[in-house]
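The values are calculated or read from the model by the stated rules, or taken from the named source; none is laboratory data. Quick caveat, the model's predicted, so the values are computed rather than measured. Neighbour counts are summed over all protein chains in view; Cβ atoms, including those assigned to glycine, are modelled from backbone coordinates with ideal geometry. Surface accessibility is based on the protein's heavy atoms, side chains included, excluding ligands, DNA and RNA. Shrake-Rupley method; radii C 1.70, N 1.55, O 1.52, S 1.80 Å.
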Amino acid sequence: QVQLVESGGGLVQAGGSLRLSCAASGIIFSINDMGWYRQAPGNQREWVASISRGGRTDYADSVKGRFTISRDNAKNTQYLQMNSLKPEDTAVYYCSTLNYGLRYWGQGTQVTVSS
């Protein structure tokens, strides 16, 4: 079955950095587009960034220039490098992919940015 496992969240001060990882199994990782989403308390889940199987990247305006999405097909893993973090980046971050028309989610990893 498809499994997505995030790691790397934590507590960081504003201006700091974190690197999230998402290890995937049960899919042919190299042909799947991958993405990151986040959900803050009381808010809807929102898209953060995505990377296509060909390596094309897209970002939400709120994170453009601060976050970098990448992937390592040999390790079946995608990453989200987050720099210049702001308190408004505080949320649970989820890894996601579409596989044969079904969307899959990881369990999420908490990122908390203190001011």
Cβ charges +1 (Lys, Arg) and -1 (Asp, Glu), total dipole of region 4-61, debye:
100 debye
From the Cα gyration tensor of region 65-112, with a ≥ b ≥ c the square roots of its eigenvalues, which class applies: rounded if a/c is under 1.5, or else prolate if a/b is larger than b/c, or else oblate?
oblate
At R0 = 35 Å, how high is the FRET efficiency between Ser30 and Lys86 if r is their beta carbon distance? Nearest 0.05 is fine.
0.60
Taking region 9-115, which chymotrypsin sites (Phe, Trp or Tyr not before Pro) meet the DSSP loop condition and have no more than 10 other C-beta atoms within 10 Å?
Tyr100
Answer in debye to the nearest 20: the dipole magnitude of region 14-115 about its Cα centre, from +1 Lys/Arg and -1 Asp/Glu charges placed on Cβ, is 160 debye
Quick one: net charge around Val92, please, counting Lys, Arg +1 and Asp, Glu -1 for every other residue with C-beta under 13 Å from its C-beta.
-1
Where only protein heavy atoms count, and the probe is 1.4 Å, what is the accessible area per residue for region 1-55 in Å²?
54 Å²
Starting from the Cα of Arg103, step 7 Å toward the Cβ, then list every residue of region 18-42 with an amide N under 13 Å from that point.
35-39
Out of all DSSP beta bridges in region 12-115, what portion is antiparallel? Express it as a percent rounded to 5.
95 percent
Whole-Hz ³J(HN,Hα) for each residue in region 80-97, computed from phi via Karplus 6.51 cos²θ - 1.76 cosθ + 1.60 with θ = phi - 60°, x for glycine and proline: what do you get?
9, 8, 10, 10, 6, 5, 10, x, 6, 7, 4, 4, 8, 9, 10, 8, 8, 8
Mean separation of Cα pairs under 8 Å and 6+ residues apart, divided by the residue count of region 10-84: what relative contact order is that in percent?
38 percent
Which residue fluctuates the most in the chain, going by a Gaussian network model with Cα springs under 10 Å, if the choices are Ser62, Ser84, Ser17?
Ser62
With DSSP loop assignment and no more than 14 other C-beta atoms within 10 Å, the trypsin sites (Lys or Arg not before Pro) in region 37-83 are Arg53, Arg56, Lys64
